[in-house]
Amino acid sequence: MSPAIAHVAAALLPGAADPTTSFPTPHLDYRALLPMLIVGGVATLGVLVEAFVPRGKRGITQTVLALGGLVAAMVAVVSNTSIRNITAEGAISVDGPTLFIQGTVIAVSIGALLLIADRALASDADFAAQAADVPGSAAEQASVRAGFVHTEVFPLAMFAVAGMLLFPAANDLITMFVGLEVLSLPLYLLAGMARRRRLLSQEAALKYFLLGAFSSAFFVYGMALVYGYAGSVKFADIATALSSSTHGDPLIIVGLALLGIALIFKLSGAPFHWWTPDVYQGAPTPITAFMAAGTKIAAFGALMRVLFVAFGGLSWDWRPIIWGVAIVTMVVGAVIGVTQTDVKRLLAYSSIAHAGFLLTAVGGITVGTADSESSVLFYLVAYGFMTIGAFAIVMLVRDADGEANHLSRWVGLGRRSPLIAGIFAFFLLAFAGLPPTSGLWAKVAVFKAAYEGGAAPLVIVGMLASAVTAYYYVRIIVLMFFQEPAVDGPTVLAPTVFTSAAVVIGVAATLVLGIVPQPLLDLAGKAVPFLR
Amino acid sequence: MVFSYVPVLALFLLAGGFAVFSIIAGRLSGPRRYNRAKYDAYECGIEPTPQPIGGGRFPVKYYLTAMLFIVFDIEIIFLYPWAVAFAQKGGATVFLFVEMVLFIVTVFIAYVYVWRRGGLEWD
Amino acid sequence: MTHAALHAAATLTPTMHTTGAFSFTWLLVVIPLTSATVLLLGGRRTNSWGHLLGVAAPVASFVLGLILFAQLIGKPASERSFDNHLFSWTFVGNFKAPANFQIDPLSISFVLLITGVGSLIHVYSVGYMAHDPGRRRFFAYMNLFVSAMLLLVLADNYLALYVGWEGVGLASYLLIGFWYHKPSARTAATKAFVVNRVGDFGLSLAVMLMFATFGSFTFTNVFGAAGSADHATMTAIGLLLLLGACAKSAQVPLQSWLGDAMEGPTPVSALIHAATMVTAGVYLVARSAPIFNVTPTARLAVTVVGAVTLLFGAIIGCAKDDIKKALAASTMSQIGYMMLAVGLGPAGYAFGIAHLLTHGFFKAGLFLGAGSVMHGMNDEVDMRRFGGLGKYMPWTFATFGLGYLAIIGFPGLSGWFTKDAIIEAAYHKGGTSGYLLGSAALVGVVLTAYYMTRVMLMTFFGEKRWAEDAHPHESPEVMKWPMVILAIGSVGLGYLLVLGSRFADFLAPVVGKAEDTAFKPIGLVGILTFVVMLAGIGVAYLQYGRRRVPAVAPVAGPLVVAARHDLLGDAFNESVFMRPGQYLTRLLVFFDYRGIDGFVNGFAAFIGGTSSRFRRVQTGFVRSYALSMFGGAVVLVAALLLVRG
């Protein structure tokens, strides 16, 4: 071995720094890692399917493969419920919150995948025939005529799911960064694949990518500073380093801030929320549903793990910041949402406001109590299901040129198709947190946790913001049901089996959790705390 | 505590000052004789390929080539430290071997995809 | 009331686990509910056989009820309480909604009344509604009612009781407005709904107060802790329960909806607005006996409400020419008796419930008789257009006549047993209040005899005052036989229940028992009652039997005019509740508009303005987003460093 190679190896691989020590077999708990392995494996298989299966059969193969993989992963998560294990040499923590969030992510991903499969394979698909074609070009028309279908959306979505599963489980910063990128990169691509309003979609993808790369840079910079302070990227080591030093070091503070920025970006908290409305609006609606539900769930898991496990010792420092971010996020989501005229943008601001409500519980944490953690977990489940359902309905209301997203087109929808409008109204009530929906208990849980954690001002702002958001939800209900329908209103697509299944899952979960929330609250209570 | 930032501040100033100095000094000292070649994009001294002016685009082939290059480049970089660890006696040989096979297979799956879908055909 | 009685009332709590037939208690409720669902969802496809299913459901429940009753009788008295635990619905924390059904002597009595009388009225309706296009819907609503009413009486907790309470309210609303093409029916339905809202409000507050005080809804927990709870709280709960009972049972001051409720089809009036639903208030008070036992104030309020209503209803009944409205006023008055009885505490619970049961029979019979008359007279309801119908409708005449004798308390018939018992119990209470209550009840007897004789004479005797196209005829068999069975009940039920204190002993584990429940018809009170009853009949005979009945209501004095207008119940509502309510509303609207709305609108405008201003910050330029993010990052880092200090 040449000295040069040894030098490079030493720089890249700390374990190999001394050529005389042997490389030990790392400990990997394959059972605990199974959900991630399954989803990652299925995604890779999906790439092979793209390579070898003939075009006509790819769609069905991919659908079966992806849904089967998700179901298998769900089974793996459920069978793992008793596992509380830090594995992969401390890189991955499979504990209660991880399993709970992985289960939730998989559940909403199944819903989202039903929508994706529905809209990818339909004759009037929502995905571009050939994403590389210039919008409006002859090549594009040729691709459309040829009936091309981008079945690559399935492996891409599955890679994103794999990232979402890894992200909250990561127990060191490097693994977390890998999870972050694995979940983000496919989403950047997917966001740009809309079939209609392609320029808007591509613009959204580019914006998402640029801002996402920007936030990733924050993460990496923060990681470097934290490493500089603690000499390690493992959460346990960071926590130890924090507990052993009494004086504050700006290095770790700035590092924490930069890490936090990247995570708050992912869960669309203000002032890093800018991408959210543009991307939600531009992306194909099934993808919007997927990332609105999945990304937020995974990002909250990761944020809580970073804050509670690694930086629990600094909670007196980050709590006021989370307070501030929560307040700004709630205000932005509530206030700017009022003047939105596009239903997807409106739901984007709604999603920002929900991030704020969730942050109140994170900000209300008194380290050592489990209430705020479990309330966030419950909220994420409730929010995930209602989001999938609401976007599924958005997909159904269509004009000649695709979805009719402008709210003026939704006027009088309740007269035209009372069932669809009724279900949408139900989801809006859930977003607003009114009975008999899961939204009520979710809000009650996070506000209660925040209040008991001493964040009463946050709760007051949360209440006011809820009232403002309720205003714009109710406004949609009013215009759907109490105004005369337009003469040339949009048509409502008869939902296929897939979309119906996704809507039914959403309605059922929202209603059942609205009537009997206790079992899930108990489950969330059992899932916490984070393994340190 | 604040004093520990003085070197950083100094470095910022130095960097910014150098940038400003270079631009101004270049303008002041250098001769300015423009011709068509100087306006062209610099492509390692060869004739520049057609530029995307007026709605044209780079052929996506370049992008593919670049991507494939990066894929194999990273793979090779990864192989070096692996080889160092593998060469040691008494280590987790089987584990390391399997891991690398998995890594290479995964990379090759992407390669196979590109190949099967015609990404390697120049035209 | 004695200490022993109190103690007896508290012994209802031990509850056996369900075994055998009792584990099927839930079926009682579910059978009619299923049938209602089938009929409502099945749509027109079920038109041809819908009414048969509609009849079969309450009959099935009745049979099951009989089986349960037989089982219950077979147990020793102290073990006659069975809880059918289905599941417990935990919302959050200890806020639980137990879905349990409880079979005990009180609830089984109601089950038999509801399903028994209910089945007869369902059978009757097959004939009565034969030509109505909405017959299937009618049966669906009726089954819904039966189901909700059974839930109400079988619930072992106040929350489920409240669900049943609202359910019967809904069914009542739907059935009063059954002929919704008639504006009067719509108005009446709305009126019943609104007035009942007031009562429901009281009941819901009572239930919430219970949960706040005892942390539970179940009868067992609430009653178990009732004795040790704060006295003022218990009085408040009692009075709120009374408010609920007043609305549901049409007691003063929430009585005004019952007369108008006669807009519904007559079987509805018979089942819901005479025999069962309107007596739910009495059930509520009797069921809540342990609560009322500890609060004499609330009990006094119950007796006063009962006494006032029994006179109030009776006076209205004397002036009504509409046969159904006269009967409705009579219902109000009779429920007043029951209220008076249950307000007396353990001395009266058994009598109140016994009167409720006998009343269920004879009043249902009277209403079905009235329906039969209307059926034969082209839906005419004005008694001044009847007369001499006895000859043409012998069966109706005979059954109606027996019901008439029962309600006025003719010796030997059921009303005699149960009503005399109440009057006696009232006097027995002692003191001025006992004397006043007893006398009110006695005056009620005169008035009852008077107005019922009047109805009888105007309808079945005298000369014909029919409309030209009237061709009175006896009703079909399917309507006749329910009337006959009800008439038999009107005659014999009182004897069965009261003699030998059978019913009082049966109920004793639930509501407690007075020390003296023996029936003494030949006492002073009994003879007095008989005499005043004869006086009432005599006056009515002189007025309506001897003289011609004018076809148009004659000009009359102010009292009669007032009585014709429900003793100005509506005017009272209007001037006491509506007007001040309107002023209050206007005042509130004013403040709301100026103050709260001003603030809210200002806030909304502020939010809207802020929103549109901030909206512009979202420029769509990724460079400005990145800049904003960078700015945010700088602020965040700076803030963290500052916090660090």
Working carefully through the options C:LEU340, C:LEU366, C:LEU405, find the one that is modelled with pLDDT of 90 or more, over 23 Å from the mean Cα position of the chain (by Cα) and closer than 25 Å to C:LEU499 by Cβ.
C:LEU405
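Surrounded by fewer than 23 Cβ atoms within 10 Å (Cβ to Cβ) and more than 11 Å from chain C (Cβ to nearest Cβ): does that describe A:GLY313?
Yes: the conditions hold for A:GLY313.
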With A:VAL78, A:VAL149, A:VAL134 as the choices, which residue is closer than 18 Å to A:LEU190 by Cα, surrounded by fewer than 17 Cβ atoms within 10 Å (Cβ to Cβ) and over 19 Å from the mean Cα position of the chain (by Cα)?
A:VAL134
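Counting just the residues of the stretch C:149-160 that are within 12 Å of the chain's Cα centre (by Cα) and of a type outside the set (Val, Ile, Thr), which one comes out surrounded by the most Cβ atoms within 10 Å (Cβ to Cβ)?
C:MET149
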Going residue by residue through the stretch A:377-388, is there one that turns out to be within 14 Å of chain C (Cβ to nearest Cβ), in contact with a Ser or Thr (Cβ under 6 Å, 6 or more places away or on another chain), buried (at least 24 other Cβ atoms within 10 Å of the Cβ) and assigned to a helix (DSSP H, G or I)?
yes
Quick one: C:ALA470 ticks every box in (1) in a helix (DSSP H, G or I); (2) surrounded by 16 or more Cβ atoms within 10 Å (Cβ to Cβ); (3) hydrophobic (A, V, I, L, M, F, W, C) except a single one, so which number is it?
(1)
Could you please find all residues in the stretch C:451-464 being over 26 Å from C:MET332 (Cα atoms) and crowded, with 19+ Cβ neighbours inside 10 Å?
C:GLY462
Among the residues that make up the stretch A:241-251, is at least one of them crowded, with 23+ Cβ neighbours inside 10 Å, of a type outside the set (Gly, Ala, Ser) and either facing another protein chain (nearest Cβ under 10 Å) or in contact with a His (Cβ under 9 Å, 6 or more places away or on another chain) (or both)?
no
Single residue of the stretch B:76-123 satisfying the filter (within 18 Å of A:THR44 (Cβ to Cβ) and of a type in the set (Ser, Thr, Tyr)) that is nearest to the other protein chains (Cβ to nearest Cβ)
B:TYR113
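Go through the stretch A:47-74 and give me each residue that's closer than 29 Å to A:ILE174 by Cβ and free of Cβ contacts under 8 Å to residues at least 60 places away in the same chain.
Scanning the stretch A:47-74 gives A:LEU48, A:ALA72, A:MET74.
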Within the set of pairs 6 or more residues apart or between chains, which connect a residue that is closer than 15 Å to A:GLY337 by Cα inside the stretch A:270-293 to a residue that is assigned to a loop (DSSP other than H, G, I, E, B) with Cβ atoms less than 6 Å apart?
A:THR276/A:SER268
In the stretch A:431-438, is there at least one residue being of a type in the set (Ser, Thr, Tyr) and buried (at least 24 other Cβ atoms within 10 Å of the Cβ)?
yes
Exactly one of A:VAL459, A:VAL487, A:VAL492, A:VAL478 is modelled with pLDDT under 85, of a type in the set (A, V, I, L, M) and more than 26 Å from A:GLY103 (Cα to Cα), and that one is A:VAL487
Tally of residues being crowded, with 18+ Cβ neighbours inside 10 Å and either more than 26 Å from A:ALA112 (Cα to Cα) or within 14 Å of chain C (Cβ to nearest Cβ) (or both) across the stretch A:486-517:
4
What helices (runs of 4 or more DSSP H) lie completely within the stretch A:1-109 and have 3 or more residues being modelled with pLDDT of 95 or more and of a type outside the set (Asp, Glu)?
A:30-52, A:55-79
Residue check, B:ALA41 among the aliphatic types (A, V, I, L, M), exposed (fewer than 10 other Cβ atoms within 10 Å of the Cβ) and in a loop (DSSP other than H, G, I, E, B)
yes
How many of the residues in the stretch A:416-455 are farther than 30 Å from A:ALA361 by Cα and at pLDDT below 85?
1
Expected single match for crowded, with 18+ Cβ neighbours inside 10 Å, within 23 Å of A:VAL254 (Cβ to Cβ) and under 21 Å from the mean Cα position of the chain (by Cα) among A:GLY163, A:GLY192, A:GLY222, A:GLY212 is A:GLY212
Taking the conditions exactly as written (buried (at least 24 other Cβ atoms within 10 Å of the Cβ), more than 21 Å from A:ILE101 (Cβ to Cβ) and among the small types (Gly, Ala, Ser)), does A:GLY294 satisfy them or not?
no
Looking at A:LEU307, A:LEU242, which one is in contact (Cβ under 8 Å) with a residue 60 or more places away in the chain and over 19 Å from A:GLY163 (Cα atoms)?
A:LEU242
If I ask for residues that are crowded, with 24+ Cβ neighbours inside 10 Å and closer than 24 Å to C:TYR450 by Cβ, which ones from the stretch C:280-311 would you list?
C:THR303, C:VAL305, C:GLY306, C:ALA307, C:THR309, C:LEU310
Subset of the stretch A:225-240 [under 16 Å from A:PHE308 (Cβ atoms) and surrounded by 16 or more Cβ atoms within 10 Å (Cβ to Cβ)]:
A:VAL226, A:LYS234, A:PHE235, A:ALA236, A:ASP237, A:ILE238, A:ALA239
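Counting only residues that are of a type outside the set (Ser, Thr, Tyr), in a helix (DSSP H, G or I) and closer than 21 Å to C:ALA155 by Cα, how many does the stretch C:31-90 have?
Residues that pass the stated criteria total 22.
The values are calculated or read from the model by the stated rules, or taken from the named source; none is laboratory data. Quick caveat: nothing in here was measured; it's all calculated off a predicted structure. Cβ sites come from the backbone with ideal geometry, for glycine too, and all protein chains shown count toward neighbours.
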